[in-house]
Amino acid sequence: MRLSDRIALVTGAAGGIGRAAALCFAREGAEVIASDINADSCMETLDMIERDGGKGMFVKADVTREDDIVSLYHEISVRYGKLDTVVNIAGGDCEPASDVEQIDYLRMSANIDLNLKSCIISCREAARIMKPQASGKIVNMSSLVYRGSPNQFTYSASKGGIFAFTRSLAMSLGRFGITVNALAPALVEVPAFVRALGEERWEMLRNDCARRYPLGRVATPDDVAKCALFLASDDASFITGQIIEISGGARL
């Protein structure tokens, strides 16, 4: 197993991609700290890990609150004394499908808080544990819209910020044996998104994207989780500062 005896934190572990990552890491031998603001759904993730023979723990945290993130890492440090991998998945679009004239200050701030600031603070706390141990792997969640989007202005800005921050952190932490990379998925079929759109609108969107993507389908949560696993494994020990597009060939 690629992550035997390693401690891995997955934020956003109640959601589709976060749950897939937590399960994937546990199957590869990691003890997983599953964290999310949604306690009930995250406990379901932990139950799935344990039924599958894996090990883990749940820590509730609202990643838009600095104190919650600090407490999360403090609990990890006290319980385990080390941290091998962090996968910062928690996030979402608080201002979808807006015209530029409709950008709202509060929703813009929510996007930056939820996606960018949370990632920065999480990485700060991870570095405080990983630098003294001279090892670690950080995987951040960007999005294919880091390239730009005609109707996701503040979300794409936050995801572009994650890419820039990831590169900067990789430059800083490399000498401590820590790698830092980012994932940039295209459309992913996650239950929450399907519910939010409704079945009919989701089918239209999925079919439209599938026609445009060279591989002819949209991504699954496992597609993203397996890429995160690769970056967290020793197979990716000489890869840092990169953004990996999980896009089925979209925007080539």
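No lab work stands behind these numbers, since they all come straight from the coordinates. A quick note: this is a predicted structure, and the numbers were derived from the prediction, not measured. Cβ atoms come from the backbone with ideal geometry, glycine included; neighbour counts cover every protein chain shown.
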* Asked: Nearest 10 degrees, 0 to 90: what angle lies between the long axis of helix 199-212 and the longest principal axis of the chain (Cα atoms)?
  -> 90
* State, as an integer percentage, the relative contact order of the range 128-249 based on alpha-carbon contacts under 8 Å between residues 6 or more apart. => 32
* Take every DSSP beta bridge with both residues inside the chain and express the antiparallel ones as a percent of the total, to the nearest 5. => 0
* Quick one: which residues, 5+ away or cross-chain, put their amide H under 5 Å from the amide H of GLY92? H built at 1.01 Å from N. => none
* Rounded to the nearest 500, what is the chain's calculated 222 nm mean residue ellipticity when only DSSP H runs of at least 4 contribute -39500 (n - 2.57) each, over all residues? -> -14500 deg cm²/dmol
* To do: Kindly express, to the nearest 10 degrees and within the range 0 to 90, the angle between helix 153-173's C-alpha long axis and the longest C-alpha principal axis of the chain.
  => 30
* Structure fact -> Set LYS117/LYS159; LYS60/LYS226; LYS55/LYS82, cut-off 19 Å on Cα-Cα distance; pairs above it are LYS60/LYS226
* **Charge-dipole axis of the chain as Lys and Arg at +1 and Asp and Glu at -1 on Cβ define it, positive-most pick from ALA34, VAL10, LEU173** => LEU173
* Please work out, to two decimal places, the log10 of the ratio I(q)/I(0) at q = 0.15, 0.19 Å⁻¹ from a Debye calculation in which every Cα of the range 188-237 carries one identical scatterer. => -0.51, -0.69
* Asked: Ordered by residue, what ³J(HN,Hα) values in Hz, to whole numbers, does the range 137-145 give under the Karplus form 6.51 cos²θ - 1.76 cosθ + 1.60, where θ = phi - 60° and Gly and Pro are x?
  -> 9, 10, 10, 9, 9, 9, 6, 4, 6
* Structure fact -> Phi-derived 3J(HN,Hα) across the range 118-134 with the Karplus relation (6.51, -1.76, 1.60, θ = phi - 60°), rounded Hz, x for Gly and Pro, is 4, 5, 4, 5, 4, 5, 4, 5, 4, 4, 5, 8, 6, 4, x, 8, 6
* Work out the length of the dipole vector of the range 60-216 about its Cα centre, built from +1 on the beta-carbon of each Lys and Arg and -1 on the beta-carbon of each Asp and Glu, and round it to the nearest 20 debye. => 820
* To do: Taking H placed 1.01 Å from N in the peptide plane, check which residues at least 5 places from ILE244 or on another chain put their amide H under 5 Å from its amide H.
  => ALA182, LEU183, ALA184
* What whole-number value in cubic angstrom gives the convex hull volume per residue for the C-alpha atoms of the range 1-142? -> 106
* Structure fact -> Helix 39-51: inclination vs the chain longest Cα principal axis, degrees, rounded to 10, gives 60
* To do: Can you list which of the chymotrypsin sites (Phe, Trp or Tyr not before Pro) found in the range 167-252 are DSSP loop residues with at most 13 other C-beta atoms within 10 Å?
  => PHE238
* Structure fact -> Compactness check, the range 111-252: C-alpha Rg relative to the 2.2 N^0.38 Å globular estimate gives 1.12
* Structure fact -> Taking Lys and Arg as +1 and Asp and Glu as -1, residues besides ALA232 with C-beta under 14 Å from its C-beta add up to -1
* Got a sec to turn the phi values of the range 77-84 into Karplus ³J(HN,Hα) couplings, 6.51 cos²θ - 1.76 cosθ + 1.60 with θ = phi - 60°, whole Hz, x for Gly and Pro? -> 4, 5, 6, 10, x, 7, 8, 8
* Determine, for ASP52, ASP223, ASP62, the number of other Cβ atoms within 10 Å of each Cβ, and report the residues in order from fewest to most. => ASP52, ASP62, ASP223
* Rg/Rh ratio calculated on Cα atoms of the range 120-184 (Kirkwood radius) -> 1.06
* **Spherically averaged projected area of the range 168-252 from its Cα convex hull (nm²)** => 6.6
* To do: Could you please tell me the mean projected area of the C-alpha convex hull for the chain, averaged over all directions and given in square nanometres to one decimal?
  => 13.1
